[in-house]
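The values are calculated or read from the model by the stated rules, or taken from the named source; none is laboratory data. On a predicted model such as this, the values are computed, not experimentally measured, just so you know. Cβ sites come from the backbone with ideal geometry, for glycine too, and all protein chains shown count toward neighbours.
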Amino acid sequence: MTLHNDLLIRAAKGEKIERVPVWLMRQAGRILPEYRKVRNSVSGFIELAKTPELAAEVTIQPVDLLGVDAAIIFSDILVIPEAMGLPYQMIEKQGPWFENTIQSAKDLSKVRIASPEEDLSYVLDAIKIAKKELNGRVPLIGFAGAPWTIFSYMVEGAGSKTFSKAKKMLYAEPELSHQLLDMITNSTILYLKAQIKAGADLIQIFDSWAGILSPDQYDTFGLKYISKICDAIDEVPITVFAKGAFFARKRMNELKCETIGLDWNMSISASRRLIGDNKTLQGNLDPCVLYSSDQEIEKHTIQMLEDFGGHRHIANLGHGVYPDISPEKVKVFIETVKNWRAS
Ligand code: CP3
């Protein structure tokens, strides 16, 4: 199917664009009252994500209601641990929680490489429905967590400020760690390929906990596996967003991906220098700017657009949009990007 608005894909590939495309990480769910209405019609997040018609509906809401240039499939990065044999719960106001975790070789022997067609067919069905309903209006982004971030949850069993249990395993049991990272990587490659086959037009890899590793550890346990995923996928453009990995920007230039996501701590000019001219950059407005007045939002957004220079840029926040940000403020951000032209 031809895309009527393919700005995102062309920006990712470094082709000429009429204007900078814009979308928001975590745009599906969280901020929209229309999302909460659908969410309240089921038992919770997991049932919503596992009901393809509803998942497709909330995927499309931000396209209709906010005017973004891309949809991102409504799901979660934690579907991979579940498909490998570690089910999770989403506890209200707390976040994810796993009953079983990986602490030993014995635990590892109980998990398997995911089989997306069997274990994750609900995501693939949601992609197919969303694609059909989008009818080429904007591209659909598929996604997965990076192996290190998925490993963190599988070992830690829940969110954490330090993820010290997960980091402990890297230092204390590097071989076991590599075995688990390998299984996650192989599962993720199969899963992303299945998402592409179902209709995903671009893939984003979220490495939310990249910033808690030392540069050496991130090379060994982080980038190595992201690189394997990038090498295995050549069907669609890939974006790698490694939150906090300012120390790895130079090496990320070597990844076989089109786009690198920046968080708001990373200076735009230094990032461009480190990453080079052959990648598109995505980001990177501080999500908290959206708590300020409309005028301030416009000012900061225009400054960001000027710093990126209007070429090889996909406008976004530097991390996911916060749940208590008003959709009206999000619209100011989106409209400012859409009305801006590189001079
Ligand atoms: O971007 C989108 O709009 C698509 C959907 C999406 C969700 N999670 C839905 C979700 C995406 C891309 C994610 C990614 C994700 N999930 C990440 C990586 C991005 C990041 O923010 O760093 C991580 C670390 C997770 C794990 C996760 N899922 C946590 C820690 C939580 C609880 C806190 C929170 O973020 O709300 C979730 C729950 C979750 N995932 C919700 C949604 C809409 C909220 C569930 C609800 O409706 O109650």
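Has the stretch 324-343 got any residue that is of a type in the set (S, T, N, Q), closer than 19 Å to P21 by Cβ and under 21 Å from the mean Cα position of the chain (by Cα)?
no
For the condition within 14 Å of L213 (Cβ to Cβ), buried (at least 21 other Cβ atoms within 10 Å of the Cβ) and under 19 Å from the mean Cα position of the chain (by Cα), what is the one hit in L181, L192?
L181
Considering only residues that are within 16 Å of the chain's Cα centre (by Cα) and either over 10 Å from A242 (Cα atoms) or buried (at least 24 other Cβ atoms within 10 Å of the Cβ) (or both), which ones fall in the stretch 208-219?
Matches in the stretch 208-219: W209, A210.
Return the residue satisfying two criteria in turn: it lies in the stretch 12-46 and is of a type in the set (G, A, S) and within 12 Å of the ligand (Cβ to nearest atom), and of such residues it is surrounded by the most Cβ atoms within 10 Å (Cβ to Cβ).
Top of the filtered list is A28.
Over 30 Å from E173 (Cβ atoms) and in contact with a strand residue (DSSP E or B) (Cβ under 8 Å, 6 or more places away or on another chain): is that true of L134 in this structure?
It is true that L134 is over 30 Å from E173 (Cβ atoms) and in contact with a strand residue (DSSP E or B) (Cβ under 8 Å, 6 or more places away or on another chain).
Looking at this structure, is D286 within 24 Å of G29 (Cβ to Cβ) and among the acidic types (D, E)?
yes
Filter the stretch 146-164 down to the residues that are free of Cβ contacts under 8 Å to residues at least 24 places away in the same chain and assigned to a helix (DSSP H, G or I) and list them by number.
Within the stretch 146-164, just S164 meets the criteria.
Suppose we filter the stretch 278-301 for residues that are assigned to a helix (DSSP H, G or I) and over 18 Å from the mean Cα position of the chain (by Cα); how many remain?
12
Does the stretch 104-116 contain at least one residue that is more than 17 Å from H178 (Cβ to Cβ), within 16 Å of the ligand (Cβ to nearest atom) and either surrounded by 19 or more Cβ atoms within 10 Å (Cβ to Cβ) or among the aromatic types (F, W, Y) (or both)?
no
With a cut-off of at least 1 residues that are modelled with pLDDT of 95 or more, within 16 Å of the ligand (Cβ to nearest atom) and under 30 Å from D107 (Cβ atoms), name the strands (runs of 3 or more DSSP E) lying wholly within the stretch 180-277.
The strands (runs of 3 or more DSSP E) meeting that bar are 202-207, 238-242.
What do you reckon, is T2 over 20 Å from the mean Cα position of the chain (by Cα), hydroxyl-bearing (S, T, Y) and surrounded by fewer than 17 Cβ atoms within 10 Å (Cβ to Cβ)?
yes
Out of (1) among the small types (G, A, S); (2) farther than 30 Å from D182 by Cβ; (3) surrounded by fewer than 21 Cβ atoms within 10 Å (Cβ to Cβ), the odd one out for G318 is which?
Checking G318 against (1) among the small types (G, A, S); (2) farther than 30 Å from D182 by Cβ; (3) surrounded by fewer than 21 Cβ atoms within 10 Å (Cβ to Cβ), the one that fails is (3).
Would you be able to tell me the number of residues in the stretch 320-343 that are of a type in the set (V, I, T) and free of Cβ contacts under 8 Å to residues at least 60 places away in the same chain?
Residues that pass the stated criteria total 2.
Can you find, within the stretch 312-323, the residue that is farthest from W264 (Cα to Cα) among those that are out of contact with any Lys or Arg (no Cβ under 9 Å at 6 or more places or on another chain) and either at pLDDT below 95 or not aliphatic (A, V, I, L, M) (or both)?
If we take residues in the stretch 312-323 being out of contact with any Lys or Arg (no Cβ under 9 Å at 6 or more places or on another chain) and either at pLDDT below 95 or not aliphatic (A, V, I, L, M) (or both), then H313 is farthest from W264 (Cα to Cα).
Could you run through the stretch 47-59 and say how many residues are within 12 Å of the ligand (Cβ to nearest atom), buried (at least 19 other Cβ atoms within 10 Å of the Cβ) and of a type in the set (D, E, K, R)?
Final tally of qualifying residues: 0.
In the stretch 220-243, what residues are without any contact (Cβ under 8 Å) to a residue 40 or more places away in the chain and under 14 Å from the mean Cα position of the chain (by Cα)?
I238
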